[in-house]
Amino acid sequence: MPMPSLSRSLFAPIVIFILTIGGCCCDFDGPDETNDVREYVKTLKDWSASGLVAHFPPSVPPEAKRVRFSAYPGFLQGGAYIQLRMQLPPEAIKRIEARLKQETTHAYAGGDIFDHYNEDQKNNLPTTCFHTADDAASAVRFPDHYILYVLSAKDGGGSWNHGETCGAAVSSTANEVVYWAESW
């Protein structure tokens, strides 16, 4: 049966409209990562309901140096993370590390999330990647002089398909602390 002329005349504009809208949607990459330290307090507030950032400082301490910040809100199946890295006086690092040693569930020397979690080793917990590293080449692994203290890690969907982790990495060599939280 032939199409009525009115339907045929509407067909092309509707197809063009759908392809145009679809093209716009397909070009959308999702939210951007932020590295602007000025966004730290706002981003921390956005994360506060998760319970994963209670160990983060409420603001960047005035004595902090070489401050780096990275956060990504997550998109679709992509995980979200927040990470604050800073250099502090040695006494402050010692106090932070002493507190972390009391609160931690696991501690690892250097590495990354893939070094610390293996399905065959049920006692290992995921940590994080080094999102605040100085260069992209070292953005996965923490150097061995960092101790990564896992404060919490929860498996949300079996085999760590969905989950969350939080903690802090401390380097007494570099006098640095890196606070992290991830949800995927």
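The values are calculated or read from the model by the stated rules, or taken from the named source; none is laboratory data. None of these values were measured; they are calculated from a predicted model. No Cβ is skipped: glycine too gets one built from the backbone with ideal geometry, and neighbour counts run over all protein chains shown.
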Just wondering, is there one or more residues in segment 112-127 that are among the aromatic types (Phe, Trp, Tyr), out of contact with any Pro (no Cβ under 8 Å at 6 or more places or on another chain) and modelled with pLDDT of 85 or more?
no
Using the structure shown, decide if Ala54 is more than 16 Å from Thr132 (Cα to Cα), of a type in the set (A, V, I, L, M) and either assigned to a strand (DSSP E or B) or at pLDDT 95 or above (or both).
yes
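Let's see how each residue does on (1) in a helix (DSSP H, G or I); (2) under 16 Å from Tyr40 (Cβ atoms); (3) out of contact with any helix residue (DSSP H, G or I) (no Cβ under 8 Å at 6 or more places or on another chain):
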| site | (1), (2), (3) |
| --- | --- |
| Pro58 | no, yes, no |
| Pro61 | no, yes, no |
| Val67 | no, yes, no |
| Ser70 | no, yes, yes |
| Tyr81 | no, yes, yes |
| Met86 | no, yes, yes |
| Glu91 | yes, no, yes |
| Lys94 | yes, no, yes |
| Ala98 | yes, no, yes |
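In segment 141-184, which residues are outside any strand (DSSP E or B), at pLDDT below 90 and either of a type in the set (S, T, N, Q) or touching a strand residue (DSSP E or B) at 6+ places or on another chain (Cβ under 9 Å) (or both)?
Arg141, Gly156, Gly157, Ser159, Trp160, Asn161, His162, Trp184
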Among residues of segment 175-184, those that are among the aliphatic types (A, V, I, L, M) and either touching a His at 6+ places or on another chain (Cβ under 7 Å) or without any contact (Cβ under 8 Å) to a residue 24 or more places away in the chain (or both), counted:
0
Pairing a residue in segment 133-151 that is under 22 Å from Glu97 (Cα atoms) and surrounded by fewer than 19 Cβ atoms within 10 Å (Cβ to Cβ) with any residue that is at pLDDT 80 or above and among the hydroxyl-bearing types (Ser, Thr, Tyr), where Cβ atoms lie under 9 Å and the two sit 6 or more apart in sequence or on different chains, gives Pro143/Ser171; Pro143/Thr173; His145/Ser171; His145/Ser172; His145/Thr173
Given the criteria among the small types (Gly, Ala, Ser), farther than 25 Å from Ala136 by Cα, surrounded by 13 or more Cβ atoms within 10 Å (Cβ to Cβ) and modelled with pLDDT of 95 or more, does Ala92 qualify?
yes
